[in-house]
Amino acid sequence: MQHADTRSIASGDTQYTKDWFQAHVRNWERWLDGFRDRPGLRFLEIGSFEGRSTVWLLQNVLTQPDSRIDCIDLFRPDPLQGDYHQRFRANVAPWKQRVTEYAGPSAEQLGRVTGPYDMIYVDGWHTAFGALADGVMSWPLLKVGGLMIFDDYLWMPPAYYEASKPNKLVREFWRALGKRWQDRAIARIAAQTPKLGIDGLLRTLEGQYELVERGYQLAIRKTRAFEDVTLELDT
Ligand SMILES: C[S@@+](CC[C@H](N)C(=O)[O-])C[C@H]1O[C@@H](n2cnc3c(N)ncnc32)[C@H](O)[C@@H]1O
């Protein structure tokens with residue numbers, strides 16, 4: 001399927017039909033500052049789509065010739081998104097020696113990749129179970145000191161979001177109380193959103209991470225390896 005807003009790469013141009021990433025760049029610049037230009041970095045991305053986040057990482061953080069990224073995605077033609085795999089390949093072509101594709105469901109592909117990773121970006125399967133499964137399976141692959149970023153922590157299905165969004169006055173009321181209207185709306189359809197899965201994962205990892213930031217995206221830094229976690233109660 002050819003999309004109207006897909007630009008040609010004949011002139012070395014990029015091919016994107018969606019921008020789900022640019023809004024996060026300012027946060028990523030802060031969160032990933034300590035990794036920028038370091039040699040030998042290994043990143044894992046679950047959900048690469050057309051490669052927008054992949055390319056940003058390659059251009060801005062994974063800049064050294066021995067830094068690499070592993071990309072997991074279904075990578076199969078989609079009735080709505082067309083052949084985004086072909087667009088991914090075109091977009092990452094300048095760095096293709098440093099990008100490894102893992103095509104298929106993350107639940108399968110996470111058994112094939114080998115860590116340890118400095119950073120893991122979870123942006124694939126947008127249900128509570130999906131986010132939980134991706135987080136659980138990839139956490140052991142993250143180095144101590146490594147960063148895990150979840151996209152769409154406050155995501156809701158678009159039609160539901162539009163129907164649930166209160167007017168400005170009500171939104172400001174919630175903000176004045178230090179609360180988010182989104183939390184209540186998400187709670188009503190929790191299993192269909194990543195938030196429940198991410199919150200569940202964080203509960204299981206208490207004492208093993210530090211929260212970097214919780215907003216539309218959520219970022220945590222791993223502070224302890226499983227080997228260093230001692231249980232206080234005998235089993
Ligand atoms: C929101 S897009 C990723 C956007 C991308 N990170 C960017 O910045 O443009 C989500 C991607 O996750 C993939 N995906 C969804 N469920 C998946 C699963 N179970 N396993 C692997 N990939 C999955 C989709 O094919 C899609 O390409």
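Coordinate-derived values only; no laboratory data. Every value quoted in this text rests on a predicted model; they were computed, and no experiment measured them. Reconstructed Cβ throughout: ideal geometry from the backbone, glycine too, with neighbour counts over all protein chains shown.
If each of residue 177 and residue 78 carries a label point 7 Å out from its Cα toward its Cβ, how far apart are those two points in nm?
Each label point lies 7 Å from its Cα, and together they span 3.5 nm.
If you average the sequence gap of Cα pairs under 8 Å that are 6 or more apart and divide by the length of the chain, what percent do you get for the contact order?
Worked out over the chain, it gives 17 percent.
At 0.36 nm per residue, minus the direct Cα-Cα distance, what do residue 22 and residue 189 gain on full extension? Give it in nm, one decimal, please.
Numbers: separation 167, 0.36 × 167 = 60.12 nm, distance 2.71 nm.
Value of the extension gain: 57.4 nm.
Could you calculate the FRET efficiency of residue 114 with residue 232 from 1/(1 + (r/R0)^6), where r is the beta carbon distance between them and R0 is 22 Å, rounded to 0.05? Could you put the intermediate results ahead of the total?
On the way: r = 32 Å, r/R0 = 1.47.
Taking R0 as 22 Å, the efficiency between residue 114 and residue 232 is 0.10.
Counting DSSP beta bridges in the chain, what percent are antiparallel, to the nearest 5? Please list the in-between numbers first.
On the way: 10 of 29 bridges.
Roughly 35 percent of the beta bridges in the chain run antiparallel, per DSSP.
What whole number of Å gives the distance from the Cα centroid of segment 109-178 to the Cα centroid of segment 33-108?
18
Rg to Rh for the chain: what is it, with Cα atoms only and Rh by Kirkwood? Intermediate values should be presented prior to the final figure.
Numbers: Rg = 18.6 Å, Rh = 19.0 Å.
Using Cα coordinates only, the ratio equals 0.98.
What does the extension gain come out to for residue 63 and residue 160, with contour length at 0.36 nm per residue minus their alpha carbon separation? Please report the intermediate quantities before stating the final value.
Numbers: separation 97, 0.36 × 97 = 34.92 nm, distance 3.97 nm.
My answer for the length gained is 30.9 nm.
Distance check, please: which entries in 165/222; 18/195; 96/195; 143/179; 18/222 exceed 29 angstrom between their Cα atoms? Before the final figure, lay out each step's value.
On the way: 165/222 34 Å; 18/195 23 Å; 96/195 33 Å; 143/179 33 Å; 18/222 31 Å.
Among 165/222; 18/195; 96/195; 143/179; 18/222, the Cα-Cα distance tops 29 Å for 165/222; 96/195; 143/179; 18/222.
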